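Presented below is the structure to which this report refers.
What follows draws every value from the coordinates through simple rules; no lab data is involved. Here the structure is a predicted model, which means the values were calculated and not measured. For neighbour counting, all protein chains shown are included, and Cβ atoms are generated from backbone atoms with ideal geometry for every residue, glycine included.
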Amino acid sequence: MKSDNNAELLPLVDEDGNVIGSATRGECHDGSKLLHAVVHLHLFDSEGRLYLQQRPMWKEIQPGKWDTAVGGHVDWGEDIGTALHREVHEELGISGIDPQFLVRYIFESEREKELIYVYKAVYDGEVLPSDELDGGRFWTLQEIREAIGRQMLTPNFEQEFLKLPIGE
């Protein structure tokens, strides 16, 4: 069975995004709440639909739920832009997009604390979800609104969708 690489080295950051140390993925997700950097991309098509990925059942956090099109950790020694483009290519098989920065904020759950850099982009080409995902599809904004609160979407995605200028 697949699993995340809990030995992967991640940069620890302060609330301004400055690197202050390092820890493994396992250490960052064990309830320690070590602040680490993450990138999210909300991918729209020209019709205004939003692509969501389905998290695989083997994921430790929110298995099987629908989530942001792209979400991934910034690797040790990597800058935010490089991490974003790497994750977009790894998860969706896409390159050459022009992401627009939206916001940076801190997300905290019972297991982790992340400094999330949020971007959006418009893309009408083919999306090829990797085997890191259980697929994905474009959703209308109305479909997303109807799914909120029904345990179909990750809490982090719901929070971003409701509070940030994603669907505008």
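Beta carbons within 10 angstrom, averaged per residue: use that to sort the peptides 89-100, 42-53, highest first. Let's see the in-between values first.
Values: 89-100: 15.9, 42-53: 18.6.
Going by the mean number of other Cβ atoms within 10 Å, highest first, we get 42-53, 89-100.
Just the projected area, averaged over all directions, of the convex hull on the alpha carbon atoms of the range 116-168: how many nm²?
Details: hull surface 18.6 nm².
Hull-based average projected area comes out at 4.6 nm².
Based on DSSP, what percent of beta bridges with both residues in the chain are antiparallel, to the nearest 5? Don't jump to the answer; show the numbers that get you there.
On the way: 27 of 38 bridges.
Given both bridge residues lie in the chain, the antiparallel proportion sits at roughly 70 percent.
With +1 on the Cβ of every Lys and Arg and -1 on the Cβ of every Asp and Glu, and nothing else charged, how large is the dipole of the chain about its Cα centre, in debye rounded to the nearest 20? Each step should come with its number before you reach the end.
On the way: 16 positive and 32 negative charges, 86 e Å.
Using Cβ point charges on Lys, Arg, Asp and Glu, the chain gives about 420 debye.
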(request) Would you work out which of 66, 10, 129 lies farthest towards the positive end of the dipole of the chain? Charges go on Cβ: Lys and Arg +1, Asp and Glu -1. (result) 66
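Rounded to the nearest 500 deg cm²/dmol, what is the calculated helix-only ellipticity per residue at 222 nm for the chain, with -39500 (n - 2.57) per DSSP H run of length n ≥ 4? Can you show the working numbers first?
Working: 4 runs with 33 residues, N = 168.
It lands at -5500 deg cm²/dmol.
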(request) Using +1 at the Cβ of each Lys and Arg and -1 at the Cβ of each Asp and Glu in the range 9-163, identify which of 37, 161, 19 lies farthest towards the dipole's positive end. (result) 161
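Can you run the Rg to Rh ratio on the range 69-168? Use alpha carbon positions and the Kirkwood inverse-distance Rh. Let's see the in-between values first.
Details: Rg = 13.9 Å, Rh = 14.9 Å.
Checking Rg against Rh, the ratio lands at 0.94.
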(request) Kindly express, to the nearest 10 degrees and within the range 0 to 90, the angle between helix 80-92's C-alpha long axis and the longest C-alpha principal axis of the chain. (result) 50
(request) Just grab the label-to-label distance for residue 162 and residue 78, each label 7 Å out from Cα along the Cβ direction, in nm (one decimal). (result) 3.0
(message) Computed from the coordinates I sent, Rg and Dmax of the Cα atoms in Å equals one of [x] 15.1, 42; [y] 21.0, 74; [z] 18.4, 59. Tell me the label.
(response) [x]
